[in-house]
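Structure first, commentary second.
The values are calculated or read from the model by the stated rules, or taken from the named source; none is laboratory data. Every value quoted in this text rests on a predicted model; they were computed, and no experiment measured them. All Cβ positions, glycine included, derive from the backbone under ideal geometry; neighbour counts span all protein chains shown.
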Amino acid sequence: MKKSTRLYHMIHYMNEMHHFTLSNLMEEFNISKSTALRDMRDLEDLGVPFYSESGQHGGYHIIRERGLTKIDLTPQELLALLFAFGSISQLPTIPFNATYEGIYRKIISHSSTEQKAEINRFLGKFQYFNKSGQAPIPHFEQMVQASFSQQICMIQYQGRSLASPYSVVGFLFKNSKWYAVVLEIQTDRVRLFSMEKIEDVELKDEVADTGGVTLENFTQYMSTGDLEIMVQCTERGLSDLSSYLWSDQKVINQDGRILFTSSIHPGDIPFIAKLLTRSGREVKVLSPPELVEAVKKELSFSLAQYQ
């Protein structure tokens with residue numbers, strides 16, 4: 001067994017045993033006394049927390065630090081973790097008080113000399129330009145708390161205090177936007193709220209589970225709109241449309257044409273029109289007429305910029 005592999009397994013053995021002797025190590029890893037002593041010195045240099053005692057009941061004892069999580073990471077796992085932190089740090093809002101910069105510094109401070117050298121080689125190799133345009137979300141942490149604790153919450157959304165209490169199912173991050181998936185307690189229907197449009201949240205003492213609604217199946221519990229739309233699109237246009245959140249959707253291949261259908265609420269027509277104009281020539285609204293007119297209106301605003 002290579003020394004690096006043996007030391008790795010030895011750390012796990014020490015954490016499991018809490019108290020052990022040199023003879024225990026010699027027997028467990030089939031090594032000599034001199035090798036066991038050298039390994040213990042190497043582990044001490046690596047920062048493994050232990051102390052030794054002499055006497056009849058002596059040996060080595062692992063120092064347990066309450067409240068701290070210790071994870072042994074391989075070099076690839078460490079770099080993958082740092083890469084994930086670098087990616088998520090681009091988000092303008094995270095739902096926790098702890099900053100990823102603080103976690104990042106702790107990882108580095110508790111890394112070995114070899115790991116720090118690997119980290120230094122990693123730094124500066126990635127640069128991110130796709131910054132999210134979403135503004136900070138003031139009530140994100142409250143919503144996450146409601147989700148974890150199953151507390152009922154009252155929500156003020158887009159200037160309206162919603163009458164029904166809600167249970168928070170979870171959160172979606174799509175197209176650089178955060179959305180809350182919530183269950184309306186009075187109707188057992190799921191709604192999607194844009195997190196940046198939530199203006200206030202009040203957590204209640206009462207709790208309520210989500211009745212089997214999860215992020216995997218929530219679309220089954222969403223209310224469909226009263227207005228069916230049909231959009232002819234190219235493959236690229238279909239990809240654009242599929243990236244948005246629809247309560248229901250269907251794709252039909254008809255005579256070589258790709259038709260996308262869904263149901264929307266009439267009040268969402270201006271918003272849907274804005275989404276569709278982003279895809280340009282890749283999509284064409286066939287129905288309903290009011291959505292066609294709304295798209296034309298949006299395009300006229302763009303054309304007016306050049307007149």
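For residue 201, indicate whether it is touching a residue at least 12 places away in the same chain (Cβ under 8 Å), of a type in the set (A, V, I, L, M, F, W, C), assigned by TED's automatic domain parsing to the domain that holds residue 171 and in contact with a His (Cβ under 6 Å, 6 or more places away or on another chain).
yes
Please state which of the following conditions residue 14 fails to meet, knowing it meets all the rest: (1) touching a residue at least 24 places away in the same chain (Cβ under 8 Å); (2) of a type outside the set (Ser, Thr, Tyr); (3) surrounded by fewer than 16 Cβ atoms within 10 Å (Cβ to Cβ).
Unmet for residue 14, out of (1) touching a residue at least 24 places away in the same chain (Cβ under 8 Å); (2) of a type outside the set (Ser, Thr, Tyr); (3) surrounded by fewer than 16 Cβ atoms within 10 Å (Cβ to Cβ): (3).
Identify, from the list 11, 31, the residue that is modelled with pLDDT of 80 or more, in a loop (DSSP other than H, G, I, E, B) and not assigned by TED's automatic domain parsing to the domain that holds residue 103.
31
Hey, can you tell me all the residues within the stretch 197-209 that are crowded, with 19+ Cβ neighbours inside 10 Å and under 20 Å from the mean Cα position of the chain (by Cα)?
If we filter the stretch 197-209 for residues that are crowded, with 19+ Cβ neighbours inside 10 Å, which is where we start, we get 198, 201.
198 - this is the single residue of the stretch 197-209 that is crowded, with 19+ Cβ neighbours inside 10 Å and under 20 Å from the mean Cα position of the chain (by Cα).
Go through the residues of the stretch 292-301 one by one and say whether even a single one is aromatic (Phe, Trp, Tyr), without any contact (Cβ under 8 Å) to a residue 60 or more places away in the chain and surrounded by fewer than 12 Cβ atoms within 10 Å (Cβ to Cβ).
yes
Would you mind telling me which numbered condition in (1) surrounded by 12 or more Cβ atoms within 10 Å (Cβ to Cβ); (2) not assigned by TED's automatic domain parsing to the domain that holds residue 156 residue 235 fails?
(1)
Select from the stretch 188-211 the residues that are part of a loop (DSSP other than H, G, I, E, B) and either acidic (Asp, Glu) or modelled with pLDDT under 90 (or both) and list them in ascending order.
Within the stretch 188-211, 188, 209, 210, 211 qualify.
Is it true that residue 84 is in a helix (DSSP H, G or I), assigned by TED's automatic domain parsing to the domain that holds residue 114 and either among the hydrophobic types (A, V, I, L, M, F, W, C) or without any contact (Cβ under 8 Å) to a residue 40 or more places away in the chain (or both)?
Yes; evaluated as a whole, the condition is true for this residue.
Test residue 144 against the criterion of being in contact with a Gly (Cβ under 9 Å, 6 or more places away or on another chain) and surrounded by 15 or more Cβ atoms within 10 Å (Cβ to Cβ), and give yes or no.
no
So, in the stretch 17-45, exactly how many residues are exposed (fewer than 13 other Cβ atoms within 10 Å of the Cβ) and in contact (Cβ under 8 Å) with a residue 24 or more places away in the chain?
1
Filter the stretch 120-172 down to residues that are modelled with pLDDT under 85 and of a type in the set (Phe, Trp, Tyr) and give me whichever is nearest to the chain's Cα centre (by Cα).
128
Do any helices (runs of 4 or more DSSP H) lying entirely in the stretch 223-306 carry at least 2 residues that are under 30 Å from the mean Cα position of the chain (by Cα) and closer than 30 Å to residue 213 by Cα, and which ones are they?
Helices (runs of 4 or more DSSP H) meeting the threshold: 235-242, 269-277.
Testing residue 162 on (1) surrounded by 15 or more Cβ atoms within 10 Å (Cβ to Cβ); (2) in contact (Cβ under 8 Å) with a residue 12 or more places away in the chain, one condition comes back false. Which one is that?
(2)
Of the numbered conditions (1) outside any strand (DSSP E or B); (2) more than 22 Å from the chain's Cα centre (by Cα); (3) at pLDDT 90 or above, residue 220 satisfies every one except a single condition; which is it?
Among (1) outside any strand (DSSP E or B); (2) more than 22 Å from the chain's Cα centre (by Cα); (3) at pLDDT 90 or above, residue 220 violates only (3).
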